[in-house]
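Participant: This is the structure I have questions about; it appears just below.
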Amino acid sequence: MNKRKITILIVLLLVSFGPYYIYQNIIYKDARDINNEKSILTISAKNLENHYAKNALQADSKYLNKTIEIEGTATEVTDSSMVIDGKVFCKMNEIVKTNFTNKPINIKGRCIGFDDLFGVVKLDQCSIQQN
Amino acid sequence: MKKRIVLLFLLAGIFHVSAQKYATKTGNLKFEASVDSFEEVAAENKNTSAILDSGTGDIAVLTLMKGFRFKVALMEEHFNENYVESDKFPKASFKGKIEDFDASKISATAKTVKISGDLTLHGKTKKVTTNAKISKSDDKITVTGNFEVKAEDFDIQIPKLVSKKVADKIKVNFNLPLTKM
């Protein structure tokens, strides 16, 4: 009898909270939070661009949609984006207040692919890693 | 002789000015395939690259599919994995020309121009012709407009289960703030 009660209780719980779980965690799950994700590797901006220029397909399979960290010098800075060593374009998550022009920088972001028009690798949802 | 040389320099000067390029790495591209009374199907890409040659009116636009952001994460996942297959086809591009383009005639007040060219998406290329508005202030040329495409034209299959919730015609909006290179 006791066992049966527990089974009924479990079934009831599943029926009442199951749809909610599906709704919350599958249909309306949160988007990836790149800022809190661990990067899979750290690479210099030049090496990353080199890899893409040599073999875009192979580079895509390795970096595309992955969270990576870029090292280099900021060459072009606007309030919402940064170009590292003229090779990697980073779209920042937040407006950058400090001026990083010509300063060494370490940026984490999601690789979204290679831009042939400018010959740059693009990253979005970027954040600055050092202070 | 001297006159000729001067003339040559003048011409060279004109040629140099007319071959000016305008570009952006942060152009805005939006598309919407919503159907009334169903959930909004729309995404925005704020990292679209574009280059305009003000001498010839040639325009090239490139956008990375992974850069399209949806409000709903699952929709973004389906878009990337099942619809545009962004692992296989990571970019979409447009190569075209602004018809009868004359850089000296554009001003702060927007002028309507016709743009036509090839749109490549999901490994398929199709001719697209659209009207756009073009304006200029200082060193900045802004090109804005919209056009419609059909998913089937680019071999993108929409499953029957959701076909009622995704519009047949997809409206694409573009806003390209181009600065002098």
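Participant: Quick one: in region A:74-124, which of the residues that are within 11 Å of chain B (Cβ to nearest Cβ) and not in a strand (DSSP E or B) is farthest from B:K95 (Cα to Cα)?
Facilitator: Once the filter is applied, the top-ranked residue is A:D79.
Participant: Which of the residues belonging to region B:45-78 are open to solvent by 30 Å² or more (accessible area, probe 1.4 Å), more than 8 Å from chain A (Cβ to nearest Cβ) and within 13 Å of the chain's Cα centre (by Cα)?
Facilitator: Residue satisfying the conditions is B:D58 alone.
Participant: What is the one condition in (1) within 26 Å of B:N80 (Cα to Cα); (2) out of contact with any strand residue (DSSP E or B) (no Cβ under 9 Å at 6 or more places or on another chain); (3) away from every other protein chain (no Cβ under 14 Å) that A:V15 does not satisfy?
Facilitator: If we test A:V15 against (1) within 26 Å of B:N80 (Cα to Cα); (2) out of contact with any strand residue (DSSP E or B) (no Cβ under 9 Å at 6 or more places or on another chain); (3) away from every other protein chain (no Cβ under 14 Å), just (1) comes out false.
Participant: With the requirement that a residue be within 19 Å of B:T56 (Cβ to Cβ), without any contact (Cβ under 8 Å) to a residue 24 or more places away in the chain and surrounded by 13 or more Cβ atoms within 10 Å (Cβ to Cβ), what does region B:113-139 give you?
Facilitator: B:V113, B:K114, B:T130
Participant: So if I check each of A:K5, A:K38, which one is charged (D, E, K, R), more than 12 Å from chain B (Cβ to nearest Cβ), out of contact with any Lys or Arg (no Cβ under 7 Å at 6 or more places or on another chain) and touching a residue at least 12 places away in the same chain (Cβ under 8 Å)?
Facilitator: A:K38
Participant: For region A:62-73, name all the residues that are part of a strand (DSSP E or B) and of a type outside the set (D, E).
Facilitator: Within region A:62-73, A:T67, A:I68, A:I70, A:G72, A:T73 meet the criteria.
Participant: Let me ask something additional. Return only the number of the condition from (1) buried (at least 19 other Cβ atoms within 10 Å of the Cβ); (2) closer than 21 Å to B:F70 by Cβ that A:V121 does not satisfy.
Facilitator: (2)
Participant: Residues of region A:59-101 being under 13 Å from A:K122 (Cα atoms), out of contact with any strand residue (DSSP E or B) (no Cβ under 6 Å at 6 or more places or on another chain) and acidic (D, E), which ones?
Facilitator: Across region A:59-101, the qualifying residue is only A:D60.
Participant: Also: Condition (residue is within 23 Å of B:S49 (Cβ to Cβ), open to solvent by 90 Å² or more (accessible area, probe 1.4 Å), facing chain B (nearest Cβ under 10 Å) and free of Cβ contacts under 8 Å to residues at least 40 places away in the same chain) applied to region A:54-66: is it met by at least one residue?
Facilitator: Yes, region A:54-66 contains a residue that is within 23 Å of B:S49 (Cβ to Cβ), open to solvent by 90 Å² or more (accessible area, probe 1.4 Å), facing chain B (nearest Cβ under 10 Å) and free of Cβ contacts under 8 Å to residues at least 40 places away in the same chain.
Participant: Identify all residues within region B:30-44 that are within 13 Å of chain A (Cβ to nearest Cβ) and assigned to a strand (DSSP E or B); write none if there are none.
Facilitator: Scanning region B:30-44 gives B:A43, B:E44.
Participant: Would region B:28-42 turn up any residue that is at pLDDT 60 or above, under 30 Å from B:H78 (Cβ atoms) and of a type in the set (F, W, Y)?
Facilitator: Looking through region B:28-42, at least one residue is at pLDDT 60 or above, under 30 Å from B:H78 (Cβ atoms) and of a type in the set (F, W, Y).
Participant: Out of region A:35-50, which residues are assigned to a helix (DSSP H, G or I) and either crowded, with 18+ Cβ neighbours inside 10 Å or aromatic (F, W, Y) (or both)?
Facilitator: A:A45, A:L48, A:E49
Participant: Do we have A:A31 as part of a helix (DSSP H, G or I), within 30 Å of B:K88 (Cα to Cα) and either out of contact with any Pro (no Cβ under 7 Å at 6 or more places or on another chain) or away from chain B (no Cβ under 14 Å) (or both) here?
Facilitator: It is false that A:A31 is part of a helix (DSSP H, G or I), within 30 Å of B:K88 (Cα to Cα) and either out of contact with any Pro (no Cβ under 7 Å at 6 or more places or on another chain) or away from chain B (no Cβ under 14 Å) (or both).
Participant: B:L119 passes all but one of (1) within 22 Å of A:S61 (Cβ to Cβ); (2) in contact with a helix residue (DSSP H, G or I) (Cβ under 9 Å, 6 or more places away or on another chain); (3) more than 14 Å from every other protein chain (Cβ to nearest Cβ); which number fails?
Facilitator: Just one mismatch for B:L119, condition (1).
Participant: Which residues, taken from region B:96-112, are surrounded by 12 or more Cβ atoms within 10 Å (Cβ to Cβ), farther than 16 Å from B:A60 by Cβ and among the small types (G, A, S)?
Facilitator: B:A103, B:A110
Residues checked against (1) touching an Asp or Glu at 6+ places or on another chain (Cβ under 7 Å); (2) not small (G, A, S):
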residue	(1), (2)
B:K30	yes, yes
B:S34	yes, no
B:S37	no, no
B:K66	no, yes
B:H78	no, yes
B:Y83	no, yes
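The values are calculated or read from the model by the stated rules, or taken from the named source; none is laboratory data. Keep in mind that what you see is a predicted model, and the values were worked out from it rather than measured. All Cβ positions, glycine included, derive from the backbone under ideal geometry; neighbour counts span all protein chains shown. Side chains included, ligands, DNA and RNA excluded: accessible areas come from the protein's heavy atoms. Shrake-Rupley method; radii C 1.70, N 1.55, O 1.52, S 1.80 Å.
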